[in-house]
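The values are calculated or read from the model by the stated rules, or taken from the named source; none is laboratory data. Everything quoted here is computed from the prediction, not taken from an experiment. No Cβ is skipped: glycine too gets one built from the backbone with ideal geometry, and neighbour counts run over all protein chains shown. Remember, those area values only see protein heavy atoms, side chains included, never the ligands or the DNA or RNA. Shrake-Rupley method; radii C 1.70, N 1.55, O 1.52, S 1.80 Å.
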Amino acid sequence: MRVINQRIFDTSPDLILVVDRQGRFIRVSPSAMAILGYHPDELVGHIATPLVHPEDLDSTRNEMRLARRGRVTRNFECRYVHKDGRVVTLNWTGVWSEPEQQHFFIGRDITALKETQQALENSERSFHYVFENSPLPMWVYERASLRFLAANHAATSTYGYTSDEFLAMRIGDIRPSEEIGRMTRSAVEAVAYMQTSGWRHRTKDGRILDVDIYSHDLNFDGKSARMVVAIDVTARKTAEAQLAQAQKMEAVGNLTGGMAHDFNNLLGVIIGNLDLLRDRQTGDPEAGELTGEALDAAMRGADLTQRLLAFARRQPLQPERTDLNRLVSGIGNLLKRTLGEQIGITLQLGAKVWPVVVDPAQLESSLTNLATNARDAMPKGGDLTIATSNRHLDADYASQYAEVAPGDYAMIEVTDTGTGIPPEIAGHIFEPFYTTKEQGRGTGLGLSMVFGFMKQSGGHINLYSEVGIGTTFRLYLPRAAGAAEITAAAPAEPLARGVGETVLAVEDNASLRRVVVRQLGELGYRVIEAEDAQTALRVLESEPVDLLFTDIVMPGGSSGYDLAHAAQLRWPDLKVVLTSGFPEIKTNGNGAAPNLRLLSKPYRRDDLARAIREVLEA
């Protein structure tokens, strides 16, 4: 999980560590050279214990234990020993990622700050020396007037003001207007020593910095004053925000993926029984119509679960080398019929657009979703433009987005002239079930499906919108090596019934197992059923089986993967069809032989028949 952007990792002045459960360094940022004197390669694979000051070992180990239990590390200080022997004090922020089984830590070198505090305790002479030579921005202001009395070289360098300009200003002059009141109250009411975070400062050129503030009362040239040390944490805040967003989307993805799995099992029972019921109807047109409507509704439910799986990045994809110009041209006519006459559609196809490796059906579905959203944003009509082009995303662009790697991308741009998306809404549009449409219009899953599909395809989606002007979505897909090759879809094999082959059906859901057994029986197969892997292995020991049809997710600690692997080790010619409603599937996982097939839940009887025949006849 690339929760911290590579550019931030490479250029951060803070020490960034990725640590495994045993405390070994997995990744170390280049800043280790400046902070600890060690090249990252000297630290990767080792533990932190030899680097930690002996007096801080117990507190550090305790913090690591708490972090593994889920507590977020904030402002934890410990001392490290530099390669040259001197002591370095670091302030840590970190989090434990359970899916990755890794710690992510960001450590700021506060040695200079500690020396400053120590100097204040020792003597005024030491203070002036440290004040002028500190690498951290420092200033002194008068408490009565809030005017600056002094600013060190680091302050003038960081904020862009000269010393004379600082002395002509008040402390509120470096604050954004919305926070001046908070700054003034804090400055007047502050206690003798204070450490606060969450401040924002404005530089002379208008840049906004996130800063932590350390301040202390002192007597300065006979005036009641306060000294301030400001630490720029802008890069750190960016990294923490990326980490929090990645964790949020990961948690939502896990939730939606699990929900889709259970819902697919329910839909499997409904669809399977409706298929069987339809075949038993004898000339009752009303019953046939009702059954068809129920099947249509169930299949729409299956489509919703596929969108959830797309957001969770667990849908099974069939990527192939694709010509984006040909794909966009092909979908243009479909969109004209779908969007209606009020929407003008323009295709702007770039020259020699690079090929990509992507699931073309899912990409077409994503473009349809974007076009449909554009139509809804233009209730009185408007223009929709779909353009293709080549783009190189450089390191500066990649630094803004945690998931983007610099490189060549083919881009599809979808632009409408609609109502636009307000900034307060733009940050939520990719979340599942989030929608601004009135009740009954949309599920809130269209854009989340596009988001998940792009991430699962190694791509990136970017939004630009202005209220009252329109919206542009840009879809970036990594450039594929070599010339474009369009792979034609293989013609569908005709359905064929069984000729008495024995199928072992393994499914822990009793209702779904009954449906599957009945469907397979009516397709001409001899069916044996089992509720778990242990029962299935006993059946395989006792009688010959031509094909194993098994659910992947089962109770008891043994999955369908485990069962297929164990069975094919003993009976190498055994054919296998795996099925799951939670299809983050690699059909050669866990060492299983390649002569198997995945069938995603919920499936129709025709899908089941086709999958069984394809594997048996392979």
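Using a Förster distance of 30 Å, how high is the FRET efficiency between D41 and Q195, based on the Cβ-Cβ distance and rounded to 0.05?
That pair, D41 with Q195, gives E of 0.25.
Please compute the modelled spin-label separation between D58 and R24, points set 7 Å along Cα→Cβ, answer in nm with one decimal.
Calculated label separation equals 2.9 nm.
Go ahead and run the numbers for FRET between E132 and R74, Cβ-Cβ distance against an R0 of 25 Å, rounding to 0.05.
0.20
Please work out the ratio of the alpha-carbon Rg of the stretch 39-180 to 2.2 N^0.38 Å and round it to two decimals.
It is 1.35.
Give the accessible surface of the stretch 499-546 per residue, rounded to a whole number of Å², with probe radius 1.4 Å and ligands, DNA and RNA excluded.
So the stretch 499-546 comes to 45 Å² accessible per residue, rounded to a whole number.
Give the calculated FRET efficiency between D217 and Q534 to the nearest 0.05, with a Förster radius of 41 Å applied to their Cβ-Cβ distance.
Efficiency for this residue pair is about 0.05.
Determine, for each peptide in 214-225, 92-103, the mean count of other beta carbons within 10 angstrom over its residues, then list the peptides with the highest first.
Going by the mean number of other Cβ atoms within 10 Å, highest first, we get 92-103, 214-225.
For A144 paired with N390, estimate the spin-label separation in nm (one decimal), with each label point 7 Å from Cα along the Cα-to-Cβ line.
7.0 nm
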